[in-house]
Amino acid sequence: MKSRAGLHQELRHRILSLSDVTERQNAGIHEDAFFVGGKMFMHIHGHGHCDIQLAKDDQERVLAEGKARPHRWAPETGYVTLIVREEEDLEPAMDLIRMSHRYFADKLNLSRMQHQ
């Protein structure tokens, strides 16, 4: 069984393995903020408290399915919250993180194509 710090490091490693992801540690109120194409798509407070921004329709579906809970301060922007407490929480968290990454990466690619 991994410690909370070990789970946090595993989660960071998995997020950073996604294409074009960069990290800024201690970015404002977020201990670890993750960006794709300059857009922050998620951040972590403490060990495992993940705030993930989704497309509004994805956010509604994820909340209805009970896969996450509404973000405390910014639910209107598509954010959901999920806490990674144990190893079994890593993959469900990564499912939502990949969904967010894909959404913002696709938006970035679309805007690049429109400007070519």
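Here Lys107 is the anchor, and the lysines within straight C-alpha reach of less than 23 Å, apart from those fewer than 8 places off in the same chain, are Lys39, Lys56.
Please state the relative contact order of the chain as a whole percent: Cα pairs under 8 Å, 6+ residues apart? Each step should come with its number before you reach the end.
Values: 164 pairs, mean separation 28.5, N = 116.
Once normalised by length, the contact order is 25 percent.
What GluC sites (Glu not before Pro) in segment 32-116 are in a loop by DSSP, with at most 10 other Cβ atoms within 10 Å of the Cβ? Filter output for segment 32-116: Glu65.
In plain terms, if you count all Cα to Cα distances in the chain and split them into 5 Å steps from zero, the share in each step is 2, 12, 23, 25, 20, 11, 4, 2, 1, 0 percent. Springs between Cα atoms under 10 Å define the GNM used for the chain, and in it the highest mean-square fluctuation of Ala33, Ala55, Ala105 occurs at Ala55.
Quick note: the coordinates plus some simple rules give every number you see, no bench work behind them. Note that this is a predicted model, so its numbers are computed, not measured. All Cβ positions, glycine included, derive from the backbone under ideal geometry; neighbour counts span all protein chains shown.
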